[in-house]
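Report on the structure given below.
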Amino acid sequence: MLTKRIIPCLDIKDGRTVKGINFENIKDAGDPVELAINYCQAGADELVFLDITATNDKRKTLTELVKKIALHINIPFTVGGGISSSEDVRALLNSGADKVSVNTAAYNNPTLITELAKQFGSQCIVLAIDTKKVDGNWYVYLNGGKVKTTTMALDWAIEGVQRGAGEILLTSMNNDGTKDGFAIEITGEISKAVNVPVIASGGAGITEHFKEVFELGCADAALAASVFHYGEIEIKALKKYLKKNNIHVRI
Amino acid sequence: MKVAIIDYNAGNIKSVEFALNRIGIQPLLTNNSDELLSADKIIFPGVGEASTAMNFLKHLKLDEQIKELKQPVLGICLGMQLMCSYSEEGSTECLGIFPQKVKRFNSAEFKVPQIGWNQILNLNNPLFSGLTPESYVYYVHGFYAELGSSTIAETNYILNYSAALNKGNFYGVQFHPEKSGSIGEIILQNFIERI
């Protein structure tokens, strides 16, 4: 049976891992390659690397890092952050990334998703959506959460999948960094509306939160950063807990 | 031991190369006829769309050559599907090494493509030596090969389908051994050492 996936996320700046709390106040949590190897051994199902430097002159640093990661780890990984062209995607895939995630550039130019899916296949195109609930509506936010749009996250997810996105990475800005749990409601709504896997992100604090987002939020995968980086949740223990609660995981 | 990876614009070549590096093999990436013929083992990778990939093979005149290979050949994911007779993806006539047809997962209930870790069942080949039944491997695919006489492992998603195929010197796996953790490395090692 297909399992639910546990995905640690590593935010990368200038080749180092960082984690923002509510997208600000960045702390240093170590060397990405070393962390990645540790996560593999701990039983992570997949890894996500988000480059928050994302300026053109840093691109080369990122592809070099991706090569190092690809050489050392034996599970799939996604790279995202500032990707805006098929050249960016080709460079990352050729360096050994399995998937890329697109966010702001895809929103500003939706045909990018169509082109990338056609060129590289839907299976490697992840649409990352940052969303925030304001007055009862979940809006799409851009530029790392700095720019609000008038588009609903659900509508954008549906359009993105129609255009060829093979997976949705949904981050709730209301929940991110709070450790109060994932955004169950919007995750469930989007997961039921699209026929591709949805990765829930933002808000993981305790193991029960993962159970909730799989059972109630219908998430196919759950992503977290700081709880894993700082050792507050141990992946092996988390998977044991989920298995005990009849959620299929790879152990 | 000379291991060649067929280089034809498939998406996962680098990952396969790195995975072989991890088990101590330095593979040669090539689409050169002589280099392929002189290799001891050949890996036929693949990520992408079937009809586009078949056109690449034809363009490089690899389609006829792959069928004629006498040494062990391991197709991975799309590589395996292209070794089947026909694929519903782009209505593509494939290489016809395995008799199976490749069909589209059809379900209102399950998500397509299948992305993630699933179990391999009914293992029946030295390719899987040393593995416990129901080991987890990593899949990313929207199309599957039917069960048939060449099936040497099965996986269940919506229905039971061929996780791996074997006919003569030709082997194929639908999952990605290069991304399947230590289980995948055992399978690659078995292909290199036991096949």
Residue among A:Thr171, A:Thr149, A:Thr131 that alone is surrounded by fewer than 17 Cβ atoms within 10 Å (Cβ to Cβ) and either within 14 Å of chain B (Cβ to nearest Cβ) or at pLDDT 95 or above (or both): A:Thr149
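Quick grid of which residues meet (1) without any contact (Cβ under 8 Å) to a residue 60 or more places away in the chain; (2) surrounded by fewer than 23 Cβ atoms within 10 Å (Cβ to Cβ); (3) among the polar types (S, T, N, Q); (4) facing chain B (nearest Cβ under 10 Å):
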| residue | (1), (2), (3), (4) |
| --- | --- |
| A:Thr53 | yes, yes, yes, no |
| A:Val89 | yes, no, no, no |
| A:Ala106 | yes, no, no, no |
| A:Cys124 | yes, no, no, yes |
Condition met for A:Glu64 (out of contact with any Pro (no Cβ under 9 Å at 6 or more places or on another chain), over 20 Å from A:Phe120 (Cβ atoms) and either within 11 Å of chain B (Cβ to nearest Cβ) or not in a loop (DSSP other than H, G, I, E, B) (or both)): yes
Residue in segment A:177-200 that is under 15 Å from A:Asp220 (Cα atoms), assigned to a strand (DSSP E or B) and touching a Phe, Trp or Tyr at 6+ places or on another chain (Cβ under 8 Å) present: yes
Criterion: at pLDDT 85 or above, crowded, with 21+ Cβ neighbours inside 10 Å and more than 14 Å from chain B (Cβ to nearest Cβ) - qualifying residue of A:Ile83, A:Ile73: A:Ile83
Matching residues in segment A:152-165 - criterion: being over 21 Å from A:Gly121 (Cβ atoms) and touching an Asp or Glu at 6+ places or on another chain (Cβ under 9 Å): A:Ala153, A:Leu154
Count of segment A:194-231 residues which are under 20 Å from A:Gly177 (Cβ atoms) and touching a residue at least 40 places away in the same chain (Cβ under 8 Å): 14
Candidate set from segment B:150-184 (those that are assigned to a helix (DSSP H, G or I) and within 14 Å of B:Leu74 (Cα to Cα)); member that is farthest from the other protein chains (Cβ to nearest Cβ): B:Pro177
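The values are calculated or read from the model by the stated rules, or taken from the named source; none is laboratory data. All of these numbers come straight from a predicted model, not from anything done at the bench. Don't worry about glycine lacking a Cβ; one is built from the backbone with ideal geometry, like all the others, and counts go over all protein chains shown.
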